[in-house]
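**Q** Supplied in structure tokens, the structure appears directly below.
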Ligand SMILES: [Zn+2]
């Protein structure tokens, strides 16, 4: 029997601040364990938290980018639980056990995704709240002991909670990609999933029809890649379907995904918010936010991916797919945008970026910022193709040389003598030579064997060192025939 999934995501992202959420400790990734700590983030008695204004501003920026309402009186609360990497015994967050205590900084937003078939869907954002991260337990340092690193204690996070509006694992991936993209465009977070800047939990239940009540859900924790999110949701869907088909009930639980065996594993049974004994943090006042601060952050919002995509389509005549590819990654998108400013044919430039350049970038270690040549150089190379100085084929040679040496295209063309021959007299001489050298084939071609055109064009291009303008060559063959 087919089932229909209902999916919601909880995304944790590390805010790109210099210091922690409630103390002045610097956030540094590659430092020795327990070097970035103070009495505050270790939870020693007598210390008091002071909210980091920069973290609050970034959370507001994220909320505005996700079309949320901003709560001007957000409330800090404590989530109480014991865990060895949580020295205070509680986490400061913005979730309340009762509505009067539940004032996350942002709520009621939405994002739009576009499915592969072009269908646009709106996914609700239930809330975004700010909270502090816990430390880290290190288990693989020695076989007998576990070690504790407090450097991450108190690092600011935003938790983005979507509504259960997602209807397939594929769409869940699109939602997470969109959130990551917005985090990168706004600079709110580095959103790097590999180093844990961004982590995702997936909630999923299934039901027998699209208008049936929601089923019992499972929450799968800490999915650290797009493919793991999709595979974990698919595996859990299949498991719940088998459970229901055998007449049993799905039990609410928290799970993790075992990628090696492609299955979800229960780590805790049902838990409810009252288990955490949330209450307002007595050490912190309400986070009163001035409307003028919200307005100034709204004004500072950069061009977001959806807007940029439609600008690329309308200004450069790109199709939806190319515009999507060129805006997926902010760095590449900025690079293309810069190059387009001096390029006479942005559409041709887009082709070069999405095909040749992106293929090279996949092979390279660093991102587009580590390229040896500048964005303007590729724009100039496309201009040289556009004005017939070089052919597209020669362009590939020039491009390879730019990649290897970082030289600009004009220098490369000059050094290598790659300028396209457009002088008709010079080309005619090469064409006539090819005819003289191959009289038999020429007779056949003249008497109608059209496929010999390729042979002659090949000979002529070879004799010209690839520099003859192909359209002039073809026109000349037509004339001489
Ligand atoms: Zn500290």
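The values are calculated or read from the model by the stated rules, or taken from the named source; none is laboratory data. Model, not experiment: these values are computed from the prediction. Neighbour counts run over all protein chains shown; Cβ positions are idealised from the backbone, glycine included.
**Q** Got a sec? Which of 179, 130, 98, 160 is farther than 23 Å from residue 195 by Cβ, in the same structural domain as residue 54 (by TED's automatic domain parsing) and either surrounded by fewer than 16 Cβ atoms within 10 Å (Cβ to Cβ) or modelled with pLDDT of 95 or more (or both)?
**A** Of 179, 130, 98, 160, the one residue that is farther than 23 Å from residue 195 by Cβ, in the same structural domain as residue 54 (by TED's automatic domain parsing) and either surrounded by fewer than 16 Cβ atoms within 10 Å (Cβ to Cβ) or modelled with pLDDT of 95 or more (or both) is 98.
**Q** Looking at 145, 151, which one is within 16 Å of the ligand (Cβ to nearest atom), assigned to a loop (DSSP other than H, G, I, E, B) and over 26 Å from the mean Cα position of the chain (by Cα)?
**A** 151
**Q** While we're on this one: When you go through (1) in a helix (DSSP H, G or I); (2) surrounded by 15 or more Cβ atoms within 10 Å (Cβ to Cβ); (3) modelled with pLDDT under 90 one by one for residue 362, which number turns out not to apply?
**A** Of everything listed in (1) in a helix (DSSP H, G or I); (2) surrounded by 15 or more Cβ atoms within 10 Å (Cβ to Cβ); (3) modelled with pLDDT under 90, residue 362 misses just condition (2).
**Q** Any residue at all in region 332-340 that's loosely packed, with under 13 Cβ neighbours inside 10 Å and either over 20 Å from the mean Cα position of the chain (by Cα) or not assigned by TED's automatic domain parsing to the domain that holds residue 97 (or both)? Step through it out loud before you land on a result.
**A** Start the filter on region 332-340 by keeping residues that are loosely packed, with under 13 Cβ neighbours inside 10 Å, which leaves none.
Among the residues of region 332-340, not one is loosely packed, with under 13 Cβ neighbours inside 10 Å and either over 20 Å from the mean Cα position of the chain (by Cα) or not assigned by TED's automatic domain parsing to the domain that holds residue 97 (or both), which makes the answer no.
**Q** For region 401-453, give me each residue that is surrounded by fewer than 13 Cβ atoms within 10 Å (Cβ to Cβ), assigned to a helix (DSSP H, G or I) and within 38 Å of the chain's Cα centre (by Cα).
**A** Correct list: 404 only.
**Q** For region 101-116, enumerate the residues that are buried (at least 18 other Cβ atoms within 10 Å of the Cβ) and either closer than 22 Å to residue 188 by Cβ or not assigned by TED's automatic domain parsing to the domain that holds residue 60 (or both).
**A** Matches in region 101-116: 103, 104, 105, 106, 107, 109, 111, 113.
**Q** Still on this structure, please answer the following. So if I check each of 397, 354, which one is outside any loop (DSSP other than H, G, I, E, B), within 25 Å of residue 177 (Cβ to Cβ) and out of contact with any strand residue (DSSP E or B) (no Cβ under 8 Å at 6 or more places or on another chain)?
**A** Sole residue among the options that is outside any loop (DSSP other than H, G, I, E, B), within 25 Å of residue 177 (Cβ to Cβ) and out of contact with any strand residue (DSSP E or B) (no Cβ under 8 Å at 6 or more places or on another chain): 354.
**Q** Of the residues 29, 37, only one is within 11 Å of the ligand (Cβ to nearest atom) and over 23 Å from residue 128 (Cβ atoms); which? Break it down into steps so the answer makes sense when it comes.
**A** On the way: 29 fails: within 11 Å of the ligand (Cβ to nearest atom).
Exactly one residue qualifies, and that residue is 37.
**Q** Kindly provide the set of residues from region 182-195 that are in contact with a strand residue (DSSP E or B) (Cβ under 8 Å, 6 or more places away or on another chain) and at pLDDT below 95, ordered by number.
**A** 190, 191, 192, 193, listed by residue number.
**Q** Something else: From 21, 44, grab the single residue that is buried (at least 22 other Cβ atoms within 10 Å of the Cβ), within 13 Å of the ligand (Cβ to nearest atom) and assigned to a loop (DSSP other than H, G, I, E, B).
**A** Testing whether each residue is buried (at least 22 other Cβ atoms within 10 Å of the Cβ), within 13 Å of the ligand (Cβ to nearest atom) and assigned to a loop (DSSP other than H, G, I, E, B) leaves just 21.
**Q** At least 1 residues that are under 31 Å from the mean Cα position of the chain (by Cα) and over 27 Å from residue 167 (Cβ atoms) in each: list the helices (runs of 4 or more DSSP H) lying fully within region 205-324 that qualify.
**A** Answer list for region 205-324: 291-300, 305-316.
**Q** Let me ask you something else. For region 55-72, check the following and say yes or no: at least one residue is within 16 Å of the ligand (Cβ to nearest atom) and closer than 25 Å to residue 195 by Cα. Show your work before the answer.
**A** In the first step, residues of region 55-72 are kept if they are within 16 Å of the ligand (Cβ to nearest atom); the result is 55.
Still in the list and also closer than 25 Å to residue 195 by Cα: 55.
For region 55-72, residues within 16 Å of the ligand (Cβ to nearest atom) and closer than 25 Å to residue 195 by Cα: present.
**Q** Run down 119, 144 and say which single residue is closer than 30 Å to residue 305 by Cα and surrounded by fewer than 23 Cβ atoms within 10 Å (Cβ to Cβ).
**A** 119
**Q** Does residue 92 satisfy being surrounded by 15 or more Cβ atoms within 10 Å (Cβ to Cβ), at pLDDT 95 or above and away from the ligand (no atom under 16 Å from the Cβ)?
**A** No; evaluated as a whole, the condition is false for this residue.
**Q** Something else now. State whether one or more residues within region 75-82 are in contact (Cβ under 8 Å) with a residue 60 or more places away in the chain, surrounded by fewer than 19 Cβ atoms within 10 Å (Cβ to Cβ) and away from the ligand (no atom under 16 Å from the Cβ).
**A** So far as region 75-82 goes, yes, one or more of its residues are in contact (Cβ under 8 Å) with a residue 60 or more places away in the chain, surrounded by fewer than 19 Cβ atoms within 10 Å (Cβ to Cβ) and away from the ligand (no atom under 16 Å from the Cβ).
**Q** Look at region 1-18 and say how many of its residues are surrounded by fewer than 16 Cβ atoms within 10 Å (Cβ to Cβ) and within 13 Å of the ligand (Cβ to nearest atom).
**A** Of the residues in region 1-18, 1 are surrounded by fewer than 16 Cβ atoms within 10 Å (Cβ to Cβ) and within 13 Å of the ligand (Cβ to nearest atom).
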